[in-house]
Amino acid sequence: MLKKLANRVYYMPHYSETDRPALGLICGDTFSLLVDSGNSPAHARDILNLVEKLEIPPVKFVVITHWHWDHIFGMKTMDLLTISHTETKKKLDYLKTLKWDDASLDARVETGEEIEFCSDMIKREMPTRGHLELKVPDLTFDNKLEIDLGGVTCVVEHVGGVHAQDSSIIYIPDEKVMFLGDCIYQDFYSGEWSYDKDELIILVDKIKKYDVNYYVTGHQEPKTHEEMWSFFDDLLRSEKS
């Protein structure tokens, strides 16, 4: 289902059984915009079907928060003008060269290029992947981008972080809502899942400069300002200890 978080902002909740991340919908007077494309063609179709039931301006854009499979496998199905950070596009250029059958996934897990958790979730979400076709973003940016949807503006900013260096956030000033993607999560690809204290401090400072009432994370329920900053305070304390 789509849940309304603010006057012009909706989100489709995450689903941990197949690692479907939360997806976002921002509605302007002229156009609407989706945040991330989902972890499969089916995931993309699910949110598009829900969007069709709303009386909103047409969805024209999808902004990709980072390159990980669960946020990009639905891009081709959405068939929208796709926007990402420059580094995200570079990653997707490479992902398009890979094969996604079981044997290929297993081989990348063996070499350490892929982690077993992601491989297992890809297989669970898409038992067969012969239909899977990846798409490269249409437009890219380096630091910050503003998108005017008519009556509401989205600020897209590259923030990085250890989870994925290309991570970007989407902030809606009029609604005081921020989509964080997965930027607040650990590094999954360097052995034990972990943070880097210095990078975490830089990331938190970038997020902190915005006036936000609700934060939408990729794999949790949305957090209030108080909940998010309690989480960050605990995290920073643990990293300093």
**Complete:** Taking a straight Cα-to-Cα line shorter than 13 Å from Lys90, and setting aside same-chain aspartates and glutamates fewer than 8 residues away, one finds Asp138, Asp142, Asp166
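Can you tell me which of 213-222, 135-144 comes out highest on packing, and rank the rest after it, using the mean Cβ neighbours within 10 Å?
My ranking of the peptides, most packed first, is 213-222, 135-144.
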**Item:** FRET efficiency, 1/(1 + (r/R0)^6) with R0 25 Å, evaluated for Lys90 and Met1 via beta carbons
**Value:** 0.10
**Item:** Shape call, the stretch 132-241: gyration tensor on alpha carbons, a/c limit 1.5
**Value:** oblate
**Label-point gap, in nm, between Leu81 and Asp211 - each point 7 angstrom along Cα→Cβ** = 2.9 nm
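Students sometimes get this wrong: rank Lys53, Lys60 by accessible area, probe 1.4 Å, all chains present, largest first.
Ranked list, largest accessible area first: Lys53, Lys60.
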**Prompt:** Normalised by the number of residues in the chain, what is the relative contact order in percent for Cα pairs under 8 Å and 6+ residues apart?
**Reply:** 18 percent
**Complete:** Candidates His163, His71, His131; GNM for the chain (alpha-carbon contacts under 10 Å) flags as most fluctuating His131
**Item:** Per-residue [θ]222 nm for the chain (sum of -39500 (n - 2.57) over DSSP H runs n ≥ 4, rounded to 500)
**Value:** -9500 deg cm²/dmol
**Message:** Taking all protein chains in place and a 1.4 Å probe, what share, in percent, of the accessible surface of the chain do carbon and sulfur account for?
**Reply:** 47 percent
**Request:** Pop a pseudo-label 7 angstrom from the Cα along the beta-carbon direction at both Asp101 and Glu17 and give the gap in nm to one decimal.
**Result:** 2.9 nm
**Message:** Out of all DSSP beta bridges in the stretch 1-137, what portion is antiparallel? Express it as a percent rounded to 5.
**Reply:** 65 percent
**Request:** Beyond 19 Å between alpha-carbons counts as too far, so tell me which of Lys89/Lys135; Lys3/Lys209; Lys4/Lys223 fall in that bin.
**Result:** Lys3/Lys209
**Option label - Rg/Rh (Cα atoms, Kirkwood Rh) computed here, alternatives (1) 0.95; (2) 1.08; (3) 1.05** = (1)
**Request:** State whether the stretch 22-88 is rounded, prolate or oblate according to the following rule on the C-alpha gyration tensor (a ≥ b ≥ c being the square roots of its eigenvalues): a/c under 1.5 gives rounded; otherwise a/b larger than b/c gives prolate, and the remaining case gives oblate.
**Result:** oblate
**Fill in**
Long-range amide H partners of Thr153, meaning residues 5 or more apart or on another chain whose placed amide H is closer than 5 Å, are Asp174
**Fill in**
The answer for Ser32, listing residues at least 5 apart or on another chain whose modeled amide H is closer than 5 Å to its amide H, is Val59, Lys60, Phe61
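The values are calculated or read from the model by the stated rules, or taken from the named source; none is laboratory data. Just so it is clear, the model here is predicted, and its values are computed rather than measured. Ideal geometry is used to build each Cβ from the backbone, glycine not excepted, and the neighbour counts take in all protein chains shown. Just so you know, the surface numbers come from the protein's heavy atoms only, side chains and all, with ligands and any DNA or RNA stripped out. Shrake-Rupley method; radii C 1.70, N 1.55, O 1.52, S 1.80 Å.
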